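Asker: Here it is: the structure, laid out below.
The values are calculated or read from the model by the stated rules, or taken from the named source; none is laboratory data. The shown structure was predicted, so the numbers you read here are calculated from the model rather than taken from an experiment. With ideal geometry, Cβ positions are generated from the backbone for all residues, glycine too; neighbour counts draw on all protein chains shown.
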Amino acid sequence: MRKVLSALALCVCFSGMAQLVNVASIEKVNIPESSANKVAAISPQGDYILVTTDYNRGLTKHDLSTGASQVITQAQGAGFDAKISSDGNTIVYREKSANKKHLQFTAVKSKNLTTGAEQQLVKPSREIEGVAIDGNTAAIVNKGKLAKKALGKGKAQVSAPVLSTKNYKMRITRDGKSWELAPKGNGYRYIWASLSPDGTKVLFVCSGNGAYVCDLYGNNLTSLGNYRAPKWMSNNMVVAMDCRDNGEVFTSSEIVVLDLNGNKQVITGDDVVAMYPLPAQGKIAFSTPTGEAYIINLK
């Protein structure tokens, strides 16, 4: 069996009031070297990652056990907010295109990894605001309305709220109703927004103000600190990056784990610029500015 992960002697340091996770190892993934590479997603089971480019062109699956690679798509925009179904078998992605007048459109498509079947879930639109997967259903907010598409056989059903963004504003859609969220007030840019696994809380970054958590109506606002690219690890724990730059490039960045009680743990050292963490079952994937991919294995 081909060895896919090479162990590194990365420094693992801890800070804050509590040890939130136990790190077993940090390993480099043997993907083709390219400064344009970045990790777009990791499967819920943590058995493969999807790699795209800095410009979100294409998706390639890299199996973390066998080293096998599979090109999913070469579509422009596919790497932005790519989604993987809970069983790891279906990938939902966006495909950008332009018409003769150079107007940009986005379609939403899916690919079944077992059968290879591809499906267009939403035809090209100029107003795709959000994409989520709920069970066997892709939920897409298009032109302010929720479209439901079954991934394969079965009836399309969406029970969880769907979070979307448009013009840096957040919106919740549930049970046929939609409302905007502006927890810090209007006039701010809301980015990197996501729902907690149980669908009761919203994690987001308020540009220039840091990361926050609130409820579905923008209440019970909790500040997590000045972190970027946060992702839910559980209903009460978040992983994010703590980065610094010189105005042109990132000079340093660590992966941190945070809980909603104000505790923090740094889980990478200063010997790698660790960015854009993506959690899965027992693992956290991250990228570097030079196009490397790593896996943090948790005990």
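Asker: Being among the hydroxyl-bearing types (Ser, Thr, Tyr) and in a strand (DSSP E or B) is the filter here, so list the residues in the range 88-120 that pass it.
Answerer: THR90, TYR93, SER97, THR106, SER110
Asker: Would you mind telling me which numbered condition in (1) at pLDDT below 95; (2) over 17 Å from the mean Cα position of the chain (by Cα); (3) under 25 Å from ALA75 (Cβ atoms); (4) not β-branched (Val, Ile, Thr) ASP134 fails?
Answerer: Only one criterion in (1) at pLDDT below 95; (2) over 17 Å from the mean Cα position of the chain (by Cα); (3) under 25 Å from ALA75 (Cβ atoms); (4) not β-branched (Val, Ile, Thr) is unmet by ASP134, namely (2).
Asker: If you don't mind, there's one more thing I want to ask. Of the conditions (1) at pLDDT 95 or above; (2) under 25 Å from THR200 (Cβ atoms); (3) surrounded by fewer than 19 Cβ atoms within 10 Å (Cβ to Cβ); (4) not charged (D, E, K, R), ASN186 clears all except one; give me its number.
Answerer: (1)
Asker: When you check ARG228 against the structure, is it under 30 Å from ARG126 (Cβ atoms) and of a type in the set (D, E, K, R), yes or no?
Answerer: yes
Asker: Right, another one. Out of all the residues in the range 145-158, is one or more touching a Phe, Trp or Tyr at 6+ places or on another chain (Cβ under 6 Å) and modelled with pLDDT of 90 or more?
Answerer: No.
Asker: Then there's this: Could you please let me know if LYS111 is at pLDDT below 95 and over 29 Å from TRP179 (Cα atoms)?
Answerer: no
Asker: Going through the range 104-123 one residue at a time, which ones are more than 19 Å from TYR55 (Cβ to Cβ) and surrounded by fewer than 17 Cβ atoms within 10 Å (Cβ to Cβ)?
Answerer: ASN112, THR114, THR115, GLY116, ALA117, GLU118, GLN119, GLN120, LYS123
Asker: Listed residues LYS96, LYS143; which is farther than 19 Å from SER43 by Cβ, among the charged types (D, E, K, R) and over 20 Å from the mean Cα position of the chain (by Cα)?
Answerer: Residue meeting the stated conditions: LYS143.
Asker: Sticking with this one: When you scan the range 68-75, do you find a residue that is farther than 19 Å from GLY116 by Cβ, at pLDDT 95 or above and either touching a strand residue (DSSP E or B) at 6+ places or on another chain (Cβ under 8 Å) or not in a loop (DSSP other than H, G, I, E, B) (or both), even just one?
Answerer: no
Asker: Go through the range 214-244 and count every residue that is of a type in the set (A, V, I, L, M), within 19 Å of TYR190 (Cα to Cα) and part of a strand (DSSP E or B).
Answerer: Of the residues in the range 214-244, 6 are of a type in the set (A, V, I, L, M), within 19 Å of TYR190 (Cα to Cα) and part of a strand (DSSP E or B).
Asker: Among the residues that make up the range 84-97, is at least one of them farther than 23 Å from ILE31 by Cβ and at pLDDT 95 or above?
Answerer: So far as the range 84-97 goes, yes, one or more of its residues are farther than 23 Å from ILE31 by Cβ and at pLDDT 95 or above.
Residue-wise test of (1) hydrophobic (A, V, I, L, M, F, W, C); (2) over 28 Å from TYR48 (Cα atoms).
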{"residue": "SER223", "(1), (2)": "no, yes"}
{"residue": "THR268", "(1), (2)": "no, no"}
{"residue": "ALA274", "(1), (2)": "yes, no"}
{"residue": "SER287", "(1), (2)": "no, no"}
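Asker: When you scan the range 245-297, how many residues do you find that are modelled with pLDDT of 95 or more, assigned to a strand (DSSP E or B) and either over 19 Å from the mean Cα position of the chain (by Cα) or surrounded by fewer than 17 Cβ atoms within 10 Å (Cβ to Cβ) (or both)?
Answerer: 4
Residue by residue, here is whether (1) over 14 Å from the mean Cα position of the chain (by Cα); (2) surrounded by 15 or more Cβ atoms within 10 Å (Cβ to Cβ); (3) not aromatic (Phe, Trp, Tyr) holds:
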| position | (1), (2), (3) |
| --- | --- |
| GLU33 | yes, no, yes |
| ASN37 | yes, yes, yes |
| ALA40 | no, yes, yes |
| SER43 | no, yes, yes |
| ASP47 | yes, yes, yes |
| ASP54 | yes, no, yes |
| GLY58 | yes, yes, yes |
| SER65 | yes, no, yes |
| GLN70 | yes, no, yes |
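Asker: Report the residue count in the range 206-242 for those that are surrounded by 20 or more Cβ atoms within 10 Å (Cβ to Cβ) and either in contact with a Lys or Arg (Cβ under 6 Å, 6 or more places away or on another chain) or at pLDDT below 95 (or both).
Answerer: 4
Asker: Step by step: first the residues of the range 214-244, then only those that are aromatic (Phe, Trp, Tyr) and within 23 Å of GLU180 (Cβ to Cβ), then the one that is farthest from the chain's Cα centre (by Cα). Which residue is that?
Answerer: Checking each candidate, the answer is TYR217.
Asker: Do you know which residues across the range 77-123 are of a type in the set (Val, Ile, Thr) and in contact with a Leu (Cβ under 8 Å, 6 or more places away or on another chain)?
Answerer: Listed by number, the residues that qualify are ILE84, THR90, ILE91, VAL92, VAL108.
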